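Take a look at the structure set out below.
Laboratory data are not the source of any read-out in this text; all were calculated from the coordinates shown. What you are looking at is a predicted structure, and each value in this text was computed from that prediction instead of being measured. Note that we place each Cβ from the backbone using ideal geometry, even for glycine, and neighbour counts take in every protein chain shown.
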Amino acid sequence: MKKITLMLLTLLTIGSMLSAQKITGLKIIENVYNRPAGEDQTADLTMSLINSRGDKRVREIKQFLKDSGNMEKKIMFFVAPADVYNTSFMNWSYEKAGKDDNQWIYLPALKRVKRISSDSKSDYFMGSDFTYDDLGDRQPTDDTHKLLREEEIDGKMCYVVESIPKEEEYMYSKTITWIVKDNWIGKKKDFYDEDEDLLKTLTIKESKVIKDYIIITLSIMHNVQSDHKTIMKLENIKIDSGISDNKFTERMMKRGI
């Protein structure tokens, strides 16, 4: 009897430990959010805009990022074509929960830096399928996360997580993300509009390891309602090259690269 009791207690203990170790939707999204990508990054970004007829517009950008631990800064300088030359965009994302991103855009024709208001963050960035809000870092605590299932995509086992915004007036009613289990890379993300219809899908096509960091190098955002696509391709990537904080200022936005 004692042996049976001891065995039952052991099984119950193991079961409790396994239950305690079960991963949650929030923990998965936190792992994605906290995935290391180096202290700074420089890259050439090609943004290709393709409409429903297959017409393509290509924009070339020089991009700089820096993560100081409590804040991530990004600045983008448009270098081609001529109609967007010297346009720049800057984003500051904060680690502190509840603190919104700060964003600015410089338009050469106006010769001034404009702050992106919270009401404008649902606008699409430079004709792409990414909103201004998409270009920032959404904090895990901004949404309620639920692990729906596990599923395989392109030979990779993924967690499938549904995220519902806590903010009632947010532009998306929910998102569903496929996250690779062994590296915390988002493989696919569906965005649903305010009517809970599928609006667009972000697909990660390529990534590479640079200095032990996994860097996403090719992604496609497809607006399924308008059949418009934006392809983002990163090349000539440099990690931890020592970018100065002075790079991320309004003065630099006006000055350009």
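Quick notes
- Span from the segment 191-242 Cα centroid across to the segment 78-138 one, whole angstrom: 17 Å
- Between Ile220, Ile23, Ile237, the residue with the greatest mean-square fluctuation in the GNM of the chain (Cα pairs under 10 Å linked by springs) is Ile23.
- When each of Lys114/Lys238; Lys56/Lys189; Lys56/Lys200 is checked by Cα-Cα distance, pairs over 25 Å: Lys114/Lys238
- Residue-wise HN-Hα couplings along segment 131-137, as the Karplus relation 6.51 cos²θ - 1.76 cosθ + 1.60 with θ = phi - 60° gives them from phi, are 7, 4, 5, 4, 7, x, 10 Hz; Gly and Pro carry x.
- Phi-derived couplings, Karplus 6.51 cos²θ - 1.76 cosθ + 1.60 at θ = phi - 60°, listed residue by residue for segment 146-159: 9, 6, 7, 5, 10, 8, 9, 10, 6, x, 10, 6, 10, 7 Hz, with x used for Gly and Pro.
- Compared with the dominant principal axis of the Cα atoms in the chain, helix 2-21 is inclined by about 10°.
- Segment 39-78: C-alpha gyration tensor shape, a/c 1.5 cut-off, then a/b vs b/c: prolate
- Phi angles of segment 47-53 translate, via the Karplus equation with coefficients 6.51, -1.76, 1.60 and θ = phi - 60°, into HN-Hα couplings of 10, 9, 9, 10, 8, 5, 8 Hz per residue; Gly and Pro are given as x.
- Labels on offer are (1) 86, 42, 35; (2) 56, 38, 38; (3) 64, 56, 39, and the one holding Cα extents along the principal axes in Å computed from this structure is (1).
- In the chain, the DSSP-assigned H stretches of four residues or longer account for a calculated mean residue ellipticity at 222 nm of -4000 deg cm²/dmol, using -39500 (n - 2.57) per stretch and the full residue count as denominator.
- Chain lengthening between Lys99 and Val58 when straightened (0.36 nm per residue, less Cα-Cα): 11.4 nm
- Size of electric dipole in the chain: Cβ of Lys, Arg +1 and of Asp, Glu -1, about Cα centre, debye, nearest 20: 780 debye
- Trypsin sites (Lys or Arg not before Pro) restricted to segment 32-101 and DSSP loop, no more than 11 other C-beta within 10 Å: Arg53, Lys96
- Sparse-neighbourhood loop sites, GluC sites (Glu not before Pro) in segment 153-199 - DSSP loop, at most 14 other Cβ within 10 angstrom: Glu167, Glu168, Glu169, Glu194, Glu196
- Note on the chain: GNM, Cα springs under 10 Å; of Gly186, Gly98, Gly155, the largest mean-square fluctuation is that of Gly155.
- Residues whose amide H falls under 5 Å from that of Leu148, counting only those 5 or more places apart or on a different chain, are Val160, Val161, Glu162, with hydrogens built in the peptide plane.
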